[in-house]
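What follows is one structure encoded as structure tokens, with my remarks underneath.
The values are calculated or read from the model by the stated rules, or taken from the named source; none is laboratory data. This one's a predicted model, so the numbers in the text were calculated from it and none came from an experiment. For neighbour counting, all protein chains shown are included, and Cβ atoms are generated from backbone atoms with ideal geometry for every residue, glycine included.
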Amino acid sequence: MSEIEISEVNSRRDRDAFIKFQWRIYASDAAWVPPLMIERKAFLNRKRHPFYQHGDATLFLARQKGKIVGRIMASDDPNYNSLHQSNVGCFGLFECINDCNVATGLFERAASWLRKKRRTEMVGPIDYSTNYVCGLLIDGFPSPPTILTAHNPPYYRQLIESCGFAKAKDWYAWWFADPEKAAARLRPLAKRFRKRWPVTIRAGNLKNIREESRRLRQIYNQAWEKNWGFVPFTEAEIEFMTHELKQLIIPEFALIAEVGDAPAGFILCVPDINVALRHINGRLTTFGLPIGLAKLLYYKSRTRTARLIALGVIEKYRRSGIAEMLVLRIVEDAMIKRGFTGELSMTLEDNFMINRFLEAIGAQRYKTYRIYSKSIT
């Protein structure tokens, strides 16, 4: 067996090789969606990405006979550990050939880096934090990933578990196959709750998107604060994500619920740009011509699939029917009127209230994502 070399990514050339390695792993996977190269470079840019204002991360490549055979990111988020009084680091962006020795080498190198940060536990896959892409796909492999969700070969589960990792938590993804059925079940509930609470639901104001994003951050950080794995968005992170998503946001797909003048909840749904990305192989230009960009705009305009990314209600309004009202508006305005179907993700496996609610309105659970953990002391 030839020796496996694990090296830290320190050059632009290695960073590009780190990104492009996915094309080898998924060459025969019809469900895979090639990432946009320019977006991946921005995500890994230490000077640009806001995670590095408070956290740290590094990338590693595995080579065998000079050929890249795996990759991994190790990341450390002091904000998370301070909030949860924990001592964990993360692995993410894991890709590997089907070889336990390569996987072992990658995980050990990531663990070694985290030990130098004095971390005693490693969890993942998590790309920086749970505010970004996270989780290992456990089932639902034939369905392509929607925007900002993970996809991986089935054998990754065996690789990760063979390296001593155990399940920490599962997340679910749900599919809205029949929006008319969902609306029929939601309307009487929403009507009943409207009589009890003076709730106003309005579309997001894209002309003042910076202020709206701050309002969403305020709601998000309160609504999710007791969720497993939660870490608050910093102001810089929410501005970065707003910039990344603003070209996709449709006002009627970003709704804010208010009781009086107080924000109470929000729902955010975006067209699934992955439907368009499948056609451009990661590039906006070819030989200097904007061929990829033209294809992206063409397929984006015809996309009728969306992902419901976030639904949050501040705790004191949880049983006021605001969630039902928000979902009904999205189902009626986004799905029925505009002809969309789509995914709602991700919900924690033990968030029984939201999971039962989704089952009751006819959503189908069709994917499971898993977070693993391992002691590295």
(request) Check ALA111 against each of (1) among the aliphatic types (A, V, I, L, M); (2) surrounded by 20 or more Cβ atoms within 10 Å (Cβ to Cβ); (3) touching a helix residue (DSSP H, G or I) at 6+ places or on another chain (Cβ under 9 Å); (4) not in a loop (DSSP other than H, G, I, E, B) and name the one condition it does not meet. (result) (3)
(request) Output the number of the condition that ARG157 fails; it satisfies all remaining conditions of (1) touching a Leu at 6+ places or on another chain (Cβ under 8 Å); (2) in the same structural domain as PRO35 (by TED's automatic domain parsing); (3) in contact (Cβ under 8 Å) with a residue 60 or more places away in the chain; (4) crowded, with 19+ Cβ neighbours inside 10 Å. (result) (4)
(message) Please go through the stretch 123-135 and give me each residue that is in contact with a helix residue (DSSP H, G or I) (Cβ under 7 Å, 6 or more places away or on another chain) and surrounded by fewer than 24 Cβ atoms within 10 Å (Cβ to Cβ), ordered by number.
(response) SER129, ASN131
(request) Report, by residue number, each residue of the stretch 333-353 that is at pLDDT 90 or above and either surrounded by fewer than 19 Cβ atoms within 10 Å (Cβ to Cβ) or touching a Gly at 6+ places or on another chain (Cβ under 6 Å) (or both). (result) LEU348, GLU349, ASP350, ASN351, PHE352
(message) Consider the stretch 25-44. How many of its residues are under 15 Å from the mean Cα position of the chain (by Cα) and not in a loop (DSSP other than H, G, I, E, B)?
(response) 3
(message) Taking the condition of being farther than 23 Å from PRO144 by Cβ and in contact (Cβ under 8 Å) with a residue 24 or more places away in the chain, how many residues in the stretch 319-343 meet it?
(response) 13
